[in-house]
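Just below is one structure, and these are the notes that go with it.
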Number of protein chains: 2
Amino acid sequence: MQQQISVITLGVADLARSKHFYVGGFDWAPVFETSEIVFYQMNGFVLGTWLASALQADMRRPSAVAPGAFALAHNVPSTHEVQPLLDRLASHGGRLLRAADAPPHGGFRGYVADPDDHAWEIAFNPAWPISAEGHVTFGT
Amino acid sequence: MQQQISVITLGVADLARSKHFYVGGFDWAPVFETSEIVFYQMNGFVLGTWLASALQADMRRPSAVAPGAFALAHNVPSTHEVQPLLDRLASHGGRLLRAADAPPHGGFRGYVADPDDHAWEIAFNPAWPISAEGHVTFGT
């Protein structure tokens, strides 16, 4: 079976607040939006931010809450870009969870929660190449 | 800034149980594994399944729990592959949340929770092309 994820959908309470974080903080551009959902075209898949009530109804899971036991990561090209991006995201409605430092497994990273409490790791990982199109390959 | 997600990391309680779902159910192959984490090379990014306690400590977020307010989606090439894959995942430690049916926005989909209660949508979406390498492009 194709080793593929098509969409990551995050439940959000307020689309404008969420867009301020993703568009203002990350400087990403939506590819499509309605009053219920905003889609972003990512590196080989799609990120969706959908009103949490609609997502919960769709997946028949009213119990879904944040913070969930997961994290998304955005890798940057150098160590010195990690903390500034965490700060920038925090100034666009995010909340710093962990200031950047060096983990035992190498590289450099910190964490910030988005306005809906979804965790983002911002990391520099020299072992994982990123292509010009943003495709990330595992490496050791 | 590159419109890119490098990693999706899911917190798991039992790596062997989780692998039974992802390797046995989806038929995916790990690219790297230790006693704490299993990585899968995906379509332009990496999926990690990490012991939840380690992930929580790393992101300084002991409150992270499942089910989180998010869903991952795996799209398949035709309507008739949706329910069989949901059934196959359910028989590998998953739990059906919603049997496949047609949503108002088109296509065909159902939901299954993985053994750690992370939600997966299995969908057929004729508007979103998938390349041979598994790269998914938004379409309407």
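The values are calculated or read from the model by the stated rules, or taken from the named source; none is laboratory data. Everything numeric in this text was worked out from a predicted model, so none of it was measured. Glycine gets a Cβ as well: all are built from the backbone with ideal geometry, and neighbour counts include every protein chain shown. We work out accessible area using only protein heavy atoms, side chains counted, and drop any ligands, DNA or RNA first. Shrake-Rupley method; radii C 1.70, N 1.55, O 1.52, S 1.80 Å.
Only bridges with both residues in chain B count here: give the DSSP antiparallel percent, nearest 5. Each step should come with its number before you reach the end.
Working: 18 of 29 bridges.
Just about 60 percent of them are antiparallel.
Work out the length of the dipole vector of segment A:83-140 about its Cα centre, built from +1 on the beta-carbon of each Lys and Arg and -1 on the beta-carbon of each Asp and Glu, and round it to the nearest 20 debye.
160 debye
Put +1 on the Cβ of each Lys and Arg and -1 on the Cβ of each Asp and Glu in segment B:74-140; which of B:His105, B:Thr137, B:Leu85 then has its Cα farthest toward the positive end of the dipole?
B:His105
Name the residues of segment A:123-139, by number, that are at least 50 Å² less accessible with every protein chain in place than in the isolated chain; the surface is that of heavy atoms, probe 1.4 Å, without ligands or nucleic acids.
When all protein chains are present, A:Trp128, A:Val136, A:Phe138 each give up 50 Å² or more of accessible surface.
Projected onto the charge dipole of chain A (+1 at Lys/Arg Cβ, -1 at Asp/Glu Cβ, origin at the Cα centre), which of A:Ile37, A:Pro62, A:Val76 gives the Cα projection farthest towards the positive end?
A:Pro62
B:Glu36 versus B:His20, label points 7 Å from Cα toward the beta carbon: distance in nm?
Using points 7 Å along Cα→Cβ, the separation is 2.5 nm.
Tell me the distances, shortest first, between A:Pro84 and the same position across the other copies, using label points 7 Å along Cα→Cβ, in nm to one decimal.
Inter-copy label distances (nm, one decimal, shortest first): 5.2.
Using unit Cβ charges (K, R positive; D, E negative) and no other charged atoms, how large, in debye to the nearest 20, is the dipole of segment A:27-140 about its Cα centre? Don't skip to the answer; put the middle values down first.
Numbers: 6 positive and 12 negative charges, 59 e Å.
Charge dipole, segment A:27-140, about its Cα centre: 280 debye, nearest 20.
Show me you know the interface measure: the accessible area buried between B and A, both chains summed, probe 1.4 Å, in Å² to the nearest 100.
The buried area between B and A, both sides summed, comes to about 6100 Å².
Grab the residue from chain A whose Cβ hugs the A-to-B rotation axis most tightly, plus its distance in whole angstrom.
A:Gly68, 1
Among B:Ala127, B:Ala99, B:Ala29, which one shows the highest mean-square fluctuation when chain B is modelled as a Gaussian network with alpha-carbon springs under 10 Å?
B:Ala127
Taking the Cα centre as origin and putting +1 on Lys and Arg beta-carbons and -1 on Asp and Glu beta-carbons, what dipole magnitude results for the protein assembly as shown, to the nearest 20 debye?
Numbers: 16 positive and 26 negative charges, 61 e Å.
Rounded to the nearest 20 debye, it is 300 debye.
Just from its helices, what would the mean residue ellipticity at 222 nm be for chain A, if runs of 4 or more DSSP H residues each count -39500 (n - 2.57) and the sum is divided by every residue, rounded to the nearest 500 deg cm²/dmol?
-3500 deg cm²/dmol
Determine the sum of side-chain charges near B:Leu51: Lys and Arg each +1, Asp and Glu each -1, restricted to other residues whose C-beta is under 11 angstrom from that of B:Leu51.
Local charge sum for B:Leu51: -4.
Only Cα pairs within less than 10 Å get springs; with that Gaussian network setup on chain B, which residue of B:Pro104, B:Pro129, B:Pro67 has the largest fluctuation?
Judging by the Gaussian network model, the answer is B:Pro104.
Just checking the output field for A:48-57: average partner chain Cβ neighbours within 10 Å of each residue's Cβ? Before the final figure, lay out the partial values.
On the way: counts 4, 1, 3, 0, 2, 1, 0, 5, 4, 1.
Neighbouring Cβ atoms belonging to other protein chains average 2 per residue here.
In peptide B:27-36, what is the residue-averaged number of other protein chain Cβ atoms found within 10 Å of each Cβ?
Taking the mean over all residues of the peptide, I get 2.
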